[in-house]
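A.B. asks: Let me begin by handing over the structure; questions about it come next.
The numbers here are math on the coordinates, done by the rules we state, and not lab data. The model shown is predicted, which means the values in this text are computed figures rather than measured ones. Counting neighbours? That spans all protein chains shown, and the Cβs are built from the backbone with ideal geometry, glycine included.
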Amino acid sequence: MAQPVPEPALSASSRKFLNALTSTNSQSAVSEQLSEFYNFENDLRRKFAQRESVPDLYQNLIPVFHSKVYAMGANKTKARKYDEKTSDQKYISPLSEEKRRKDGEDSFVHSGIAGFKKNWSTFTEGALDELNWFCTTSVIN
């Protein structure tokens, strides 16, 4: 059986994003409130596509099951007010209010890391169970 891997440290950009995420409100779309981070992510994608140098290969990656993500409440849904009349106009297939995640529910996977591991093992039929997903930059280069 694989040995547990210690949690990676959160980068400065990850901490900044998580602080901004946890301070958002439900009055407008999270994507609008976090546009600075979306723009930064788009720039990183452009650099990767053009094979430009990037100082930190893990920049902007958020370990979603990290204990600090849970401690900050960044794993919780911030539900917007549902308006059936305007949703039908904005979206091709809008979710009904019953199917939408409620404010404060887990936003990644219900049951946290245990639920993810169960779903992942089912999806991969256990073929990737022993794989070490954490590698160093020197291994990649």
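A.B. asks: Listed highest first by mean packing, meaning other Cβ atoms within 10 Å per residue, what order do 97-105, 35-43 come in?
C.D. replies: Going from most to least packed, we get 35-43, 97-105.
A.B. asks: Counting other beta carbons within 10 Å of each Cβ, put Val109, Val54, Val69 in order, fewest first.
C.D. replies: Result, fewest neighbours first: Val54, Val109, Val69.
A.B. asks: Also, I was wondering about something else. How far apart, in nm, are the 7 Å Cα→Cβ label points at Thr77 and Ala9?
C.D. replies: Computed distance between label sites Thr77 and Ala9 equals 3.6 nm.
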